[in-house]
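Have a look at the structure below before the remarks.
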Amino acid sequence: MDRHRQETDEPSDRLRLSTSATVHCLAGCGLGEVVGVVIGVAIGLSSVATLVLAVSLGFVFGFALGLIPLLRAGFSWSWAIRQVLVA
């Protein structure tokens, strides 16, 4: 699906897609933070190092999972990445 096609879709389709991308992003962020805390505690990192690891993994997981609905909708990688970064 090209960018022009997406702009002409029904508002309900755009709402569904944006909601799906947002939910995926939030789930990834939460999952990444939990994984980061578990890893940090398991290997005995300091509180600050564990926090940095958790936030970093939250960003990476959220970014990755936020891309899934956009790519499934047929958007190009570059457009999907730009949209996730903007959001």
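Listing for the model above:
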quantity: Spin-label model distance (nm) - residue 19 vs residue 64, 7 Å beyond Cα toward Cβ; calculated: 2.7
quantity: Compactness of the range 12-86, expressed as Rg and Dmax over alpha-carbon positions, Å; calculated: 14.4, 48
quantity: DSSP H segments from the chain that extend 15 Å or more along their own axis, Cα-based, with Kyte-Doolittle mean of 0.0 or above; calculated: 11-42, 47-72
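The numbers here are math on the coordinates, done by the rules we state, and not lab data. Note that the structure is predicted; figures quoted are calculated from it, not measured. Virtual Cβ from ideal backbone geometry, glycine too; neighbours counted across all protein chains shown.
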